[in-house]
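Have a look at the structure below before the remarks.
The values are calculated or read from the model by the stated rules, or taken from the named source; none is laboratory data. This is a predicted model, so every value here is computed, not measured. Here the Cβ is made from the backbone with ideal geometry for all residues, glycine too, and neighbour counts use every protein chain on show. Ligands, DNA and RNA are stripped out before the accessible areas are found, and what is left, the full protein with its side chains, is counted by its heavy atoms. Shrake-Rupley method; radii C 1.70, N 1.55, O 1.52, S 1.80 Å.
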Amino acid sequence: MKEKDLYVDFKAQQAVYYVEKSDESYGPVVSGSFLSKYYLDDFYEKMNKQEQALREKLKAGEISPVYYYCIVREFGEGDLASRVGVSVRKLRKHFKMENFTKMKLSLLKKYADAFDIPVTNMFHLVMTRQEFTEKLRIVDSETKNPFFVISKIEAKGE
Amino acid sequence: MKEIVFEHRMAAHCETGTVTALLNHGGLEITEPMVFGIASGIFFGYFESSNFSFPTFIVRNKPGSIRKNISKRLGVKFYEQKFHDPLKGERILNELISKEIPTAAQVDFYYMDYMPEYQRVHINVHFINVIGKNENTYLVSDSYYPKKTELKIGTLNKARFAGGFMAPKGFLFYPLSLPSEINFEKAIIRGIRKASYNMLKLPVPFVGIKGMRKFARNVKDWPKISRDIDHLSHEIMRINILLEDQGTGGAGFRYLYATFLQQAALKLNEESLKNMSKRMMLIGDSWRNISYFAAKAGKNRDLGPERLGELSDMINARADEEHQFFSDLARLVK
């Protein structure tokens with residue numbers, strides 16, 4: 001690839017690419033991501049649609065929070081099972097609400113850790129209206145008690 | 001803040017970037033493409049495994065192989081350690097920093113919270129250099145990020161001790177000693193020979209050229225395993241991410257390898273390698289066409305059998321091309 005054909009102006013995501021320079025030598029240059037520059041909106045649209053569809057299923061009790069976060073976080077089943085210390089067969093059982101409700105709290109905590117969320121988020125989703133999402137953020141603070149989390153709503157930039 | 005004097009440079013790939021930066025810091029002048037080529041970094045593998053959320057492919061050799069092959073072929077000795085106990089892992093890293101030793105750490109990429117959120121996925125084989133520490137944060141040099149940056153101590157610990165597929169287990173490494181003399185000619189030839197073997201002859205049906213053909217065959221069946229058209233679109237567009245955006249230097253490391261071959265031709269004064277580097281650059285352009293094709297088809301949800309068949313044909317053509325290329329390259333270094 002010629003250097004002149006590469007450049008994409010996208011500061012939020014820069015990467016090194018190797019190109020043919022004008023003197024025919026090959027070497028590194030930094031450019032923005034083509035995909036993120038032109039297709040990021042499409043990515044967010046798909047992710048939002050997927051999240052909404054999963055949330056509806058979660059509300060209806062058709063799937064468990066384990067399945068919801070597994071898909072949202074794009075985990076492979078084998079990878080997630082290994083992080084939590086269960087078999088893939090057992091993990092698939094936990095995808096269903098009837099088995100989720102029988103799970104031990106200690107195992108639930110392991111799932112929450114793998115999803116990098118407070119354990120309390122396995123039972124509820126905290127959302128804000130669209131107009132607040134750019135102004136507010138929710139900060140979860142762990143306490144010494146691993147099963148107790150304090151969530152604060154803060155203005156962004158605080 | 002305890003900060004080690006360390007030159008931060010962006011690099012195409014995290015492992016080659018990390019190893020190159022550490023070698024440069026130790027006084028060995030070597031480029032990222034040279035590290036990549038000597039370590040036989042070029043590769044292809046197509047995987048359908050429960051460890052991934054969807055079939056995927058890799059375009060470089062196994063994580064960790066860059067360091068191992070550099071050690072073998074250049075004679076660099078590395079300190080390497082994994083940890084069962086996270087507290088011990090943290091203590092050892094802190095001791096190394098206090099001794100002013102920049103140290104590479106294997107981490108789950110998801111926790112690198114300085115990167116854009118949409119980019120952060122769980123991949124346990126990301127490498128960064130840790131080059132300083134204060135009370136609450138580590139100072140890190142990540143090849144994917146334009147400048148040195150900070151990461152909370154708890155966050156780095158989570159990243160180092162994330163479980164799962166290819167779990168990092170707190171892995172740390174740094175060069176203990178560099179050889180006084182290096183036979184680059186021998187190292188380059190061994191690197192090329194092994195890369196050609198991996199691409200052409202590894203007796204595994206989903207790696208090398210065979211892996212490309214499997215990818216070409218199976219991509220036509222991706223609609224059957226997708227949840228819906230948006231999911232299929234996402235996975236098809238990930239082809240672009242895996243080839244271009246996930247630290248490959250463009251075209252799935254093919255441009256990086258072309259640069260290695262050009263540098264190798266100069267070092268060995270070998271005109272035939274220069275010709276091969278030009279051929280590899282053109283192969284890279286063809287892979288980049290696949291990236292653009294996948295991005296456009298995914299965005300337009302134009303993912304019927306005809307379009308996926310076209311994509312499959314393009315991948316098969318790359319397999320033909322690379323089969324010929326690596327056969328010729330192997331003959332050159334026989």
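Averaged across B:49-56, how many Cβ atoms of other chains sit within 10 Å of each residue's Cβ atom?
Counting Cβ atoms of other protein chains within 10 Å of each residue's Cβ and averaging gives 5.
Treating the angle as unsigned and between 0 and 90°, give the value, to the nearest 10°, between the Cα long axis of helix A:34-59 and the longest Cα principal axis of chain A.
Once rounded, one gets 10 degrees.
Rounded to the nearest 0.05, what FRET efficiency do A:Ser22 and A:Phe123 give with R0 = 56 Å and r taken as the Cβ-Cβ distance? Could you check? Write out the running numbers ahead of the final one.
Numbers: r = 60 Å, r/R0 = 1.07.
With R0 = 56 Å, the Cβ-Cβ based efficiency is 0.40.
Compute a Gaussian network model of chain B, connecting alpha carbons closer than 10 Å, and tell me which residue from B:Arg254, B:Arg120, B:Arg60 fluctuates the most.
Largest GNM mean-square fluctuation: B:Arg120.
For the peptides B:12-23, A:22-33, B:156-167, what is the packing order when you average, over each peptide's residues, the other Cβ atoms within 10 Å and list the highest mean first?
Taking the mean over residues of other Cβ atoms within 10 Å, the ranking is B:12-23, B:156-167, A:22-33.
Which of the aspartates and glutamates could a cross-linker span from A:Lys110 if the Cα-Cα distance has to be under 18 Å and same-chain partners fewer than 8 positions apart are dropped?
Result set, ordered by chain and number: A:Glu74, A:Glu77, A:Asp79, A:Asp140, A:Glu142, B:Asp85, B:Asp108.
Gap in Å between the Cα centre of segment A:18-36 and the Cα centre of segment B:147-166?
Answer, in whole Å: 30.
Is there a quick way to get the dipole size of segment B:1-159? I mean about its Cα centre, with the Cβ of Lys and Arg at +1 and of Asp and Glu at -1; what is the value in debye to the nearest 20?
Computed about the Cα centre, the dipole is about 400 debye.
Which stretch or stretches of segment A:60-78 have amide N atoms under 16 Å from the point lying 7 Å from A:Ser87's Cα along the Cα→Cβ direction?
Residues A:78 fall inside that zone.
For every helix of n ≥ 4 consecutive DSSP H residues, a contribution of -39,500 (n - 2.57) applies; sum these over chain B, divide by its total residues, and give [θ] at 222 nm rounded to the nearest 500 deg cm²/dmol.
Per the formula, -16000 deg cm²/dmol.
Roughly how many nanometres apart are two label points built 7 Å out from the Cα toward the Cβ at B:Lys201 and A:Leu105?
Modelled inter-label distance: 6.1 nm.
Taking every residue in A:77-90, how many Cβ atoms of other protein chains lie within 10 Å of its Cβ, on average?
Mean number of neighbouring Cβ atoms from other chains: 4.
For each pair in A:Lys135/B:Lys152; A:Lys4/B:Lys274; B:Lys152/B:Lys210, compute the distance between the two Cα atoms and list the pairs where it is over 32 Å.
Distance filter (> 32 Å) returns B:Lys152/B:Lys210.
Gain in length, B:Asp113 to B:Asn183, computed as 0.36 nm per residue apart minus the alpha-carbon separation, to one decimal in nm?
21.1 nm
Can you tell which of B:Ser71, B:Phe127, B:Asn94 lies farthest toward the positive end of the dipole of chain B, using +1 and -1 charges on the Cβ of basic and acidic side chains (Lys, Arg; Asp, Glu)?
After comparing all options, I get B:Ser71.
Test of understanding: express the Cα radius of gyration of segment B:236-279 as a ratio to 2.2 N^0.38 Å, with N the residue count.
1.40
What's the ranking of B:303-314, B:232-243, A:127-138 by average number of surrounding C-beta atoms within 10 Å, highest first?
B:232-243, B:303-314, A:127-138
Please report, in debye to the nearest 20, how large the charge dipole of chain A is about its Cα centre when each Lys and Arg carries +1 at its beta carbon and each Asp and Glu carries -1 there.
My answer is approximately 1100 debye.
What is the log10 of I(q)/I(0) for chain A, computed with the Debye formula using one identical point scatterer on each Cα and no solvent, at q = 0.17 Å⁻¹?
Each listed q corresponds, in turn, to -1.07.
One quarter of the convex hull surface, Cα atoms only: what value does that give for the protein assembly as shown in nm²?
On the way: hull surface 94.7 nm².
Mean projected area for the protein assembly as shown: 23.7 nm², to one decimal.
Which trypsin sites (Lys or Arg not before Pro) in segment A:46-124 sit in a loop by DSSP (not H, G, I, E or B) and have at most 13 other Cβ atoms within 10 Å of their own Cβ?
Answer by residue number: A:Lys102, A:Lys104.
If the cut-off is 14 Å between C-alpha atoms, which aspartates and glutamates fall inside it for B:Lys99, apart from same-chain ones fewer than 8 positions away?
B:Glu3
Considering only protein heavy atoms and a probe of 1.4 Å, how much of the accessible area of the protein assembly as shown is carbon and sulfur, as a whole percent? Working shown, then result.
Working: 11700 of 23000 Å².
Answer for the protein assembly as shown is 51 percent, counting heavy atoms of protein chains only.
Using +1 on the beta carbon of Lys and Arg, -1 on that of Asp and Glu, and nothing else charged, what's the dipole of the protein assembly as shown about the Cα centre, debye to 20?
Charge dipole of the protein assembly as shown: 1600 debye, to the nearest 20.
Cut-off 12 Å, label point 7 angstrom out along Cα-to-Cβ of B:Lys99: give me the residues of segment B:157-184 whose amide nitrogen falls inside.
Counting only backbone N, you get B:174-177.
Of A:Tyr67, A:Leu35, A:Asn48, whose Cα points farthest to the positive end of the dipole of segment A:24-87 (charges on the beta-carbon: +1 Lys, Arg; -1 Asp, Glu; origin at the Cα centre)?
A:Tyr67
Given a cut-off of 21 Å, name the pairs among A:Lys2/B:Lys299; B:Lys88/B:Lys133; B:Lys72/B:Lys214; A:Lys11/B:Lys148; A:Lys93/B:Lys224; B:Lys77/B:Lys158 whose C-alpha atoms lie farther apart than that in the structure shown.
A:Lys2/B:Lys299; B:Lys72/B:Lys214; A:Lys93/B:Lys224; B:Lys77/B:Lys158, as the Cα separations exceed 21 Å there.
Can you give the extra length, in nm with one decimal, that the chain gains between B:Asp328 and B:Lys147 once fully stretched, where that is 0.36 nm per residue apart less the Cα-Cα distance? Provide the component values of the computation, followed by the final result.
Working: separation 181, 0.36 × 181 = 65.16 nm, distance 4.03 nm.
Between B:Asp328 and B:Lys147, full extension yields an extra 61.1 nm.
How many partner chain Cβ atoms sit within 10 Å of a residue's Cβ in peptide B:1-12, on average, as a whole number?
That average works out to 1.
Between A:Glu62 and B:Leu176, what is the spin-label point distance in nm, taking each point 7 Å from the Cα along the Cα→C-beta axis?
Simple spin-label model gives 5.8 nm for this pair.
Can you list residues from other chains, or at least 5 along the same chain, whose modelled amide H is less than 5 Å from the amide H of B:Lys2?
HN-HN under 5 Å from B:Lys2: B:Lys133, B:Asn134.
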